[in-house]
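To start, the structure itself, in structure tokens.
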Amino acid sequence: MLNQTLTLLEKQNKLVNDLQNIATEEQNQDTLDIDLLDSLAVVQKINNEDKKVAFAVEKVLPQVAQAVDKIVAAFAVGGRLIYIGAGTSGRLGILDAVECPPTFSVSDKQVLGIIAGGDKAIYKAVEGAEDDPQRAIEDLEKVNFNTKDILVGIAASGRTPYVISAMKYAKHLGATVVGVSCSPKQMVAKIADINLCVAVGPEALTGSTRMKSGTAQKLVLNMLSTASMIRSGKSYRNLMVDVNSSNEKLYARAIRIVMQATHCEYQIAKEALEQAENKAKLAILLVLTGVNAEQGKAMLAKNNGFLRKAVE
């Protein structure tokens with residue numbers, strides 16, 4: 001019993017020492033008085049910190065682009081984009097993944113989000129889940145992770161055992177591994193084939209990585225999925241022409257996208273969308289070229305789904 005107690009104390013002491021070397025755990029010298037301020041001054045302090053995020057992301061754009069190229073190549077051979085993380089990082093991965101099917105009409109299996117602790121951890125923290133390396137491997141095995149896939153490990157601290165284990169497993173298989181973190185020189189950055197470390201500095205509220213770190217991760221994940229979809233032919237100009245018209249709002253958006261892309265009237269867009277079985281991309285092609293639906297499908301297939309190429 002004594003040995004177990006000593007081991008626990010040693011682990012806790014090591015963790016405290018580890019946290020001293022993690023950028024996201026440092027105390028922010030610009031917000032030391034935040035508990036003395038009125039509400040406006042508090043949110044101004046937070047806003048001042050948030051302003052730093054986009055500039056920090058800008059510094060890793062070449063690496064983000066490199067990751068996008070890998071994801072596009074993976075999609076082309078049937079591979080998937082798989083996010084994995086714990087806590088806020090895991091939830092952000094899931095958020096990005098679940099938005100892809102309605103936005104780009106892709107399968108809900110093409111972009112996946114995995115969180116330590118499973119689905120219940122989306123709503124409530126699961127104690128100890130982020131410290132379970134074996135569970136990470138099991139979670140990847142459940143989705144049949146393979147060498148065609150791209151794994152994006154997300155951990156603000158850069159040291160989460162669950163995420164590190166998943167990244168090591170993916171590398172062992174020979175898959176491309178991307179690391180998204182906010183703390184330089186940590187394990188996530190060292191393991192990753194492509195390191196996306198967005199150094200946003202200490203949080204306004206020490207250690208609350210759902211703030212600047214979470215915002216930085218959200219921006220990066222937005223870029224990874226959106227840019228990959230654009231490079232895979234899911235847009236025309238800056239219009240999301242593969243939108244899935246699964247509800248009234250999205251159907252109205254599809255009509256508007258057809259109108260914007262072709263400068264046609266509402267009724268023409270509506271009729272084209274009906275002929276195209278509610279597929280905005282095909283409807284646009286019908287309006288712009290005058291071909292019928294079957295001819296349009298063949299033209300899109302010939303051009304791998306790129307509407308601009310089909311039109312030209």
State whether one or more residues within the stretch 284-297 are outside the structural domain of Phe75 (by TED's automatic domain parsing), under 28 Å from the mean Cα position of the chain (by Cα) and farther than 30 Å from Val60 by Cβ.
-> no
Please identify the pairs in which a residue from the stretch 255-273 that is at pLDDT 95 or above has its Cβ atom under 9 Å from the Cβ atom of a residue that is among the acidic types (Asp, Glu), counting only partners at least 6 apart or on another chain.
-> Met259/Glu265
Those residues of the stretch 116-128 which are outside any loop (DSSP other than H, G, I, E, B) and of a type in the set (A, V, I, L, M) amount to Ala121, Ile122
Any idea which of Asn247, Asn222 is surrounded by fewer than 16 Cβ atoms within 10 Å (Cβ to Cβ), in contact (Cβ under 8 Å) with a residue 12 or more places away in the chain and polar (S, T, N, Q)?
-> Asn222
Any idea how many residues of the stretch 141-161 are more than 14 Å from Ser213 (Cα to Cα) and in contact with a strand residue (DSSP E or B) (Cβ under 8 Å, 6 or more places away or on another chain)?
-> 8
So, first residue over 20 Å from Pro62 (Cα atoms) in the stretch 166-180, second residue surrounded by fewer than 21 Cβ atoms within 10 Å (Cβ to Cβ) and aliphatic (A, V, I, L, M), Cβ within less than 6 Å, six or more apart or across chains; the pairs are Met167/Ile191; Tyr169/Ile137
Residue ID - surrounded by the fewest Cβ atoms within 10 Å (Cβ to Cβ), chosen from residues in the stretch 171-181 that are touching an Asp or Glu at 6+ places or on another chain (Cβ under 8 Å) and farther than 23 Å from Gly201 by Cα | Lys171
Inspect the stretch 59-72 for any residue being at pLDDT 95 or above, within 14 Å of the chain's Cα centre (by Cα) and of a type in the set (D, E, K, R) and give the result as yes or no.
-> no
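Quick grid of which residues meet (1) surrounded by fewer than 22 Cβ atoms within 10 Å (Cβ to Cβ); (2) under 16 Å from the mean Cα position of the chain (by Cα); (3) of a type outside the set (A, V, I, L, M, F, W, C); (4) modelled with pLDDT under 95:
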residue	(1), (2), (3), (4)
Val143	yes, no, no, no
Leu151	no, yes, no, no
Tyr162	no, no, yes, no
Pro184	yes, no, yes, yes
Arg210	yes, yes, yes, yes
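Here is a yes/no grid of residues against (1) touching an Asp or Glu at 6+ places or on another chain (Cβ under 9 Å); (2) over 18 Å from Thr160 (Cα atoms); (3) assigned to a loop (DSSP other than H, G, I, E, B); (4) assigned by TED's automatic domain parsing to the domain that holds Asn222:
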site	(1), (2), (3), (4)
Ala74	yes, yes, no, yes
Ile84	yes, no, no, yes
Arg91	no, no, no, yes
Glu99	no, yes, no, yes
Pro102	no, yes, no, yes
Lys109	no, yes, yes, yes
Ile114	yes, no, no, yes
Arg135	no, no, no, yes
All positions within the stretch 46-84 that are surrounded by 18 or more Cβ atoms within 10 Å (Cβ to Cβ) and either of a type in the set (D, E, K, R) or over 19 Å from Leu221 (Cβ atoms) (or both) | Glu49, Lys70, Arg80
Among the residues of the stretch 289-310, the number that are buried (at least 16 other Cβ atoms within 10 Å of the Cβ) and assigned to a helix (DSSP H, G or I) is 7
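The values are calculated or read from the model by the stated rules, or taken from the named source; none is laboratory data. No experiment lies behind these values; they were computed from the predicted model shown. We place every Cβ from the backbone using ideal geometry, glycine too, and count neighbours over all the protein chains shown.
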